[in-house]
Amino acid sequence: MNLATRERAVPAVETFGLTKRYGATVALSGCTIAVPQGSICALVGPNGAGKTTLLRLLAGLSRPSGGRVEVFGQQPAQDPGFLTDVGFLAQEIPLWRRFSAADHLDVGAHLNTRWDRDGAEDRLRQLSIPLDRPVGNLSGGQRAQVALGLALAKQPRLLLLDEPVAALDPLARRHFLSMLTEAVAGWDLTVVISSHLIGDLERVCDHLVLLSASRPQLCGGIDQLMAAHKVLTGSRRVVTGSVEGTHAVIDAHHTPRQTTLVVRGEGPVLDPDWDVSEIGLEELILAYMAQDGPPGVGDQLNAVGGQR
Amino acid sequence: MISFRIDSHSGVPPYLQVVQQVRQALRVGVLQVGDQLPTVREVVAAVAINPNTVLKAYRDLEREGLVEGRPGQGTFVKGLPPGPPPQTHTGLARSLSRWVASARQAGLDDEAIEALVHSTLRETRGAGVA
């Protein structure tokens, strides 16, 4: 695995002004993002922000109403050439309840040209998952692990996961995530994972796409995004637009005495009355979720993460 | 071989936690020159963090001259971090615990002691630079 060569490669996912409407409802609008190969990308945002819509477009399960979507430079479609490289795990873990994990692995072997049955069995055995019992009799955590094992058996280049860990207990979540990260360490795999569990995302993800009100508000490498934002605390005052012309105000909170800002910008804040601190991922995400896509955020979006 | 602990809520980025834990293991002698670090795959399987995080940490350690990557073999300890030997730490730890005891006796709680340590570190750092 070589990070430098990966970063030069064509992005795993790239969208340009991607839009999806269902009748009069706009589910996704003007979505321009890129996800570099080899990254684990967190897809976050309020419920109904368009996360599942985006994942389905990437998987080729629905077609754009406007704009463009490319996965490894190719348009997603329900044809074998595309689907060999892409795995999709829907929220409502799709397994046949009366079939065992071993049965599922047999079926997968018939349906897929590339199928690492041994690897999948090893992974599930490591987690002590009974391979011969109907998956309907397994716990929710075990079922999720079986589903991930099946998705990985395909050895996809892109794996799309729609809130896979939401219903799992902490230990099952940890096992699920270590199975995932081990796969990413094992071959050239890119992952896009939607979740509300920011603590988990902070551990495993190195890239972030934040959707709010059907639009992307943030897209970039998590390190770069964190470095580009600060939290300022100071005595209460009115701040409009920016601080010192260099730091755009993303979010502001006031108490009778104090003002707290989340700002975006390079370089130092000069006014010594501001207490400057680093931002946490959760704070950053909440600050952007709180706003409903003011004009201009789309422009800033492209400045972070070293992408087009 | 050492294992890592990653605390998601510490506020310290995971890659830095890996770097610090390797440095600490070298300082106290848990790791010695020639020892192998766990592979990226072993680390992520054990603690479920991003593989690129481990790579970044190992690259940082390599840049510091503490480890070296041997193609096809893994990452091995090459040198020790600068600084005094472990005995010095032991001596300083003794005098520090005497100081902490007197601070407690004076009525400072842990939070006040930490705040005092941090502000002292900050001030003396400033004095050193100026």
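Miscellaneous remarks
- So B:ARG70, is it charged (D, E, K, R), more than 27 Å from A:ARG203 (Cβ to Cβ), loosely packed, with under 15 Cβ neighbours inside 10 Å and touching a strand residue (DSSP E or B) at 6+ places or on another chain (Cβ under 7 Å): yes
- Among residues of the stretch A:75-95, those that are surrounded by fewer than 15 Cβ atoms within 10 Å (Cβ to Cβ) and at pLDDT 90 or above, counted: 1
- Index of the failed condition, B:GLN20 passing every other in (1) surrounded by fewer than 20 Cβ atoms within 10 Å (Cβ to Cβ); (2) more than 15 Å from the chain's Cα centre (by Cα); (3) at pLDDT 90 or above: (2)
- Residue check for B:VAL67: at pLDDT below 95 and among the hydrophobic types (A, V, I, L, M, F, W, C): no
- Of the helices (runs of 4 or more DSSP H) entirely within the stretch B:10-84, those holding at least 2 residues that are among the charged types (D, E, K, R) and closer than 30 Å to A:THR190 by Cβ occupy B:40-47, B:51-63.
- Condition check for B:VAL33: touching a Lys or Arg at 6+ places or on another chain (Cβ under 6 Å) and more than 7 Å from every other protein chain (Cβ to nearest Cβ): no
- Where A:CYS31 falls short, out of the listed (1) at pLDDT 90 or above; (2) exposed (fewer than 14 other Cβ atoms within 10 Å of the Cβ): (2)
- Taken over the stretch B:60-101, the criterion of being acidic (Asp, Glu) and either in contact with a Ser or Thr (Cβ under 9 Å, 6 or more places away or on another chain) or on the phi > 0 side of the Ramachandran plot (or both) is satisfied by B:GLU62, B:GLU68.
- Residue count, the stretch B:23-41 (criterion: more than 17 Å from B:VAL54 (Cα to Cα), surrounded by 15 or more Cβ atoms within 10 Å (Cβ to Cβ) and among the hydrophobic types (A, V, I, L, M, F, W, C)): 2
- Qualifying residue in the stretch A:204-214 (condition: within 30 Å of A:PRO256 (Cα to Cα), touching a helix residue (DSSP H, G or I) at 6+ places or on another chain (Cβ under 9 Å) and among the hydroxyl-bearing types (Ser, Thr, Tyr)): yes
- Pairs where the first residue, in the stretch B:1-21, is within 11 Å of chain A (Cβ to nearest Cβ) and the second is loosely packed, with under 11 Cβ neighbours inside 10 Å and among the acidic types (Asp, Glu), C-beta under 8 Å, 6+ apart: B:GLN17/B:ASP7
Rundown of residues vs (1) crowded, with 22+ Cβ neighbours inside 10 Å; (2) within 14 Å of chain B (Cβ to nearest Cβ); (3) modelled with pLDDT of 95 or more; (4) touching a Leu at 6+ places or on another chain (Cβ under 7 Å), yes/no style:
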residue: A:LEU127; (1), (2), (3), (4): no, yes, no, no
residue: A:LEU131; (1), (2), (3), (4): no, no, no, yes
residue: A:PRO164; (1), (2), (3), (4): yes, yes, no, yes
residue: A:ASP169; (1), (2), (3), (4): no, no, no, no
residue: A:ARG174; (1), (2), (3), (4): no, yes, no, no
residue: A:VAL191; (1), (2), (3), (4): yes, yes, yes, yes
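- In the stretch A:17-33, the residues that are on the phi > 0 side of the Ramachandran plot and in a strand (DSSP E or B): A:GLY17, A:GLY30
- Boolean, A:LEU160 is within 9 Å of A:GLY87 (Cα to Cα), modelled with pLDDT of 90 or more, in contact with a Leu (Cβ under 6 Å, 6 or more places away or on another chain) and not aromatic (Phe, Trp, Tyr): yes
- The residue of the stretch B:36-67 that is farthest from the other protein chains (Cβ to nearest Cβ), among those that are touching a strand residue (DSSP E or B) at 6+ places or on another chain (Cβ under 9 Å) and of a type in the set (A, V, I, L, M), is B:LEU66.
Residues checked against (1) within 26 Å of A:SER39 (Cα to Cα); (2) at pLDDT below 90:
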{"residue": "A:LEU208", "(1), (2)": "yes, no"}
{"residue": "A:LEU232", "(1), (2)": "no, no"}
{"residue": "A:HIS247", "(1), (2)": "no, no"}
{"residue": "A:ARG257", "(1), (2)": "no, no"}
{"residue": "A:PRO272", "(1), (2)": "no, yes"}
{"residue": "A:VAL276", "(1), (2)": "no, no"}
{"residue": "A:LEU284", "(1), (2)": "yes, no"}
{"residue": "A:GLN291", "(1), (2)": "no, yes"}
{"residue": "A:PRO294", "(1), (2)": "no, yes"}
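- Options A:ALA153, A:ALA120: the member that is touching a residue at least 40 places away in the same chain (Cβ under 8 Å), more than 14 Å from chain B (Cβ to nearest Cβ) and buried (at least 22 other Cβ atoms within 10 Å of the Cβ): A:ALA153
- Residues in the stretch A:34-70 that are outside any loop (DSSP other than H, G, I, E, B), in contact with a helix residue (DSSP H, G or I) (Cβ under 6 Å, 6 or more places away or on another chain) and crowded, with 24+ Cβ neighbours inside 10 Å: A:ILE40, A:ALA42, A:LEU43, A:VAL44.
The values are calculated or read from the model by the stated rules, or taken from the named source; none is laboratory data. Note that this is a predicted model, so its numbers are computed, not measured. We place every Cβ from the backbone using ideal geometry, glycine too, and count neighbours over all the protein chains shown.
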